[in-house]
Ligand SMILES: Nc1nc2c(ncn2[C@@H]2O[C@H](COP(=O)(O)OP(=O)(O)OP(=O)(O)O)[C@@H](O)[C@H]2O)c(=O)[nH]1
């Protein structure tokens, strides 16, 4: 999971951290700084250009970094990190991070590093990691939606409609969510709202049977809005807590099916709409999320198959692009393979 992105961020941290460290060492060797001396917050007004250390000419990436040294502090200048930031942007794009998101991250890293005074002798890897962490955190923490708190507080039954393109793992995710709700002590009903794909009703029925959960179904080809409606009515009558509604996977470009999805949501006015897509789809998942969100404004996303995605771009980009949080990650094929998404958990994975 996230291995490629982790490797790229680790590479950036190492190269830029090493470059900063090299500058420090040059300054210390030149006798312009004493690392053990306590550090002033700001360089004195009287700091003259003569107090800065001119680094000897050297070949390689370290030449690109010109850190002006002021007493025991040094300032990282924009021209010094420009090339490295460009490399970071390329690395993010190669990891399927969407362009506006990559730009935002680079901007934030730059704002965090450039022009700031750093203590000589401080851990340079840490300086870069902190800048990266804060930048990524900014783009993935769009909304602090408390999913479990929402479900707990809402009047029951809480109805949740799952939407997305076909084959991304929607049905499996519904089963995983049903298992999670059951474990939390809720009673669950599933609506077999995918009446379009042959075999879809049987597929979700197998999950419902395996989990011991009531399934409300109609015939193949029936109106999915009516299936979801019946499931909600059943849940109300039987005092069930949660209705999880499957819908047929559809391409966002299929106008008829998108209209049908709008109808499911209009008729049933669900408490939550969740967009499901696969992390391995990278930028495609982000684009689809944008289009689904404009058709049926959803509350959050679930990214499946995160276990098979080394790039990590979708998990980084989707919340920023849609303005809706990632709620869960699917990390395998069994019912337990669902992780509640937490931005700090992702950051820890990226920098562990
Ligand atoms: N590795 C992995 N596989 C998953 C995950 N979630 C689902 N799958 C697999 O993905 C495949 C498709 O899953 P489904 O749940 O059938 O997909 P769907 O979106 O309901 O498909 P449609 O009904 O066509 O919309 C199945 O083989 C699942 O086992 C996951 O988190 N990790």
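DSSP bridge analysis restricted to segment 243-350 gives an antiparallel fraction near 25%, rounded to the nearest 5. Listing 324, 238 from fewest to most neighbouring C-beta atoms within 10 Å gives 238, 324.
Using Cβ contacts closer than 10 Å as the measure, can you line up 4, 217, 79, 170 from fewest to most?
Neighbour counts put them in this order, fewest first: 79, 4, 217, 170.
Residues 77, 202, 22, arranged from fewest to most other Cβ atoms within 10 angstrom of their Cβ, appear as 202, 77, 22.
No value in this document is a laboratory result; all are computed from the given coordinates. This structure is a prediction, so every number in the text was calculated from the model and none was measured. FYI the Cβ positions are ideal-geometry reconstructions off the backbone, even for glycines, and counts take in every protein chain you see.
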